[in-house]
Amino acid sequence: MRSWLTIIMLVLANVFMTLAWYGHLRFKYKPVENWGIVGIILVSWGFALVEYCLQVPANRLGFKGTGGPFSLLQLKLLQEVITLVVFVLFSLLFFKNESFKLNHLISFIFLMLAVYFAFKK
């Protein structure tokens, strides 16, 4: 159960982090639009705060040293794969001019192989 909760929290954290880093490139934040880059930074910090409120507990919950199922390296590799999956979905859904090409697919396959080997006993 801890492993699934960790993964769900990591996915949600990455949704908020992707919004913090890239959301302003697609969405207009009307109340702070006139503030320029300062407004964008403040909105992004708000998203990043939510991300940290999910990410930090997910790491504590998932780490073997605190009773979780994952080693530190497994946790980090899992995090990176989730980050890339969330980012690709975000870019394909909200940036219609972006495309997912064969080289991207091959890269994902290698990342999934990395996860496989990291979790292999």
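Check the range 81-90 and report whether any residue there is surrounded by 13 or more Cβ atoms within 10 Å (Cβ to Cβ) and touching a His at 6+ places or on another chain (Cβ under 9 Å).
yes
Which of the residues belonging to the range 1-23 are surrounded by fewer than 19 Cβ atoms within 10 Å (Cβ to Cβ) and more than 15 Å from residue 87 (Cβ to Cβ)?
Those that are surrounded by fewer than 19 Cβ atoms within 10 Å (Cβ to Cβ) and more than 15 Å from residue 87 (Cβ to Cβ): 1, 2, 3, 4, 5, 7, 8.
Checking the structure you have, find out if any residue of the range 27-43 is closer than 19 Å to residue 115 by Cβ and surrounded by 12 or more Cβ atoms within 10 Å (Cβ to Cβ).
Within the range 27-43, the subset closer than 19 Å to residue 115 by Cβ is none.
For the range 27-43, residues closer than 19 Å to residue 115 by Cβ and surrounded by 12 or more Cβ atoms within 10 Å (Cβ to Cβ): absent.
What pairs can you find where one residue is in the range 62-80 and within 14 Å of residue 9 (Cα to Cα) and modelled with pLDDT under 95, the other is aromatic (Phe, Trp, Tyr) and assigned to a helix (DSSP H, G or I), and their Cβ atoms are less than 9 Å apart, with a gap of 6+ or different chains?
As it stands, the answer is 78/119, since those pairs meet every condition given.
For the range 50-77, give me each residue that is under 22 Å from residue 19 (Cβ atoms) and buried (at least 19 other Cβ atoms within 10 Å of the Cβ).
Matches in the range 50-77: 51, 54, 55, 58, 59.
Within the bounds of the range 101-117, is there any residue that is closer than 20 Å to residue 1 by Cα, surrounded by 12 or more Cβ atoms within 10 Å (Cβ to Cβ) and of a type outside the set (D, E, K, R)?
Yes, the range 101-117 contains a residue that is closer than 20 Å to residue 1 by Cα, surrounded by 12 or more Cβ atoms within 10 Å (Cβ to Cβ) and of a type outside the set (D, E, K, R).
The values are calculated or read from the model by the stated rules, or taken from the named source; none is laboratory data. Bear in mind that the values here come from a model prediction, so they are computed numbers and not experimental data. Every residue, glycine among them, receives a Cβ derived from its backbone with ideal geometry; neighbour counts consider all protein chains shown.
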